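Here's the structure, in structure tokens; my notes come after.
The values are calculated or read from the model by the stated rules, or taken from the named source; none is laboratory data. Only a predicted model underlies this, so the values are computations on that prediction, with no experimental measurement involved. Cβ sites come from the backbone with ideal geometry, for glycine too, and all protein chains shown count toward neighbours. Note: areas computed on protein heavy atoms with side chains; ligands, DNA, RNA excluded. Shrake-Rupley method; radii C 1.70, N 1.55, O 1.52, S 1.80 Å.
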Amino acid sequence: VLATLVASAAAFAPSPTFGVRTNTALNFEYGEYDGELWDNEAKKIVYEKWDPNQPRTTRNFNPFETFKGNSPDASGIYPGENRYKDPVRGDVSFQQMMDERKEAEERKANPKPGDVPGAPGCKN
């Protein structure tokens, strides 16, 4: 009888971890230029580090790849996706836009090895 009383009383005693906080948030690593100027120069640096043969992450993505007509933020996240942050953008002149267009055409004509649709480092 005594064992039954002790066992039933233990059911109502606080657990050893009562009041101890545990971290339930998932750790999320934002991109290298999160909160910094996300201009063409920053995108070119991220592009140089991008490996299309490795899985796509916030630190391994093609900053020039579009998805549903949108460009990614500094972490490779597109508008409408969780954790998208509007990037810090600099001023751009018409001449800069024309220069960037030439660079984009060169990138498209000479893609990185492994930059094919369905590659692990690609969104599309």
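Structure above, values below:
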read-out: Any hit, the range 65-86, residues being at pLDDT below 95 and more than 26 Å from the chain's Cα centre (by Cα); value: no
read-out: Residue list for the range 51-97, filter: open to solvent by 60 Å² or more (accessible area, probe 1.4 Å) and either within 16 Å of GLY35 (Cβ to Cβ) or in a helix (DSSP H, G or I) (or both); value: ARG59, ARG83, TYR84, LYS85, ASP86, VAL88, ARG89, PHE94, GLN95, GLN96, MET97
read-out: Complete set of residues in the range 28-43 that are under 24 Å from SER93 (Cα atoms), open to solvent by less than 60 Å² (accessible area, probe 1.4 Å) and not acidic (Asp, Glu); value: TYR33, TRP38, ASN40, ALA42, LYS43
read-out: Options LEU26, LEU5: the member that is at pLDDT below 60, at negative phi and of a type outside the set (Ser, Thr, Tyr); value: LEU5
read-out: Residue check, LYS102 under 16 Å from GLU32 (Cβ atoms), loosely packed, with under 14 Cβ neighbours inside 10 Å and modelled with pLDDT of 95 or more; value: no
read-out: Residue in the range 99-121 that is touching a strand residue (DSSP E or B) at 6+ places or on another chain (Cβ under 6 Å) and in contact (Cβ under 8 Å) with a residue 12 or more places away in the chain present; value: no
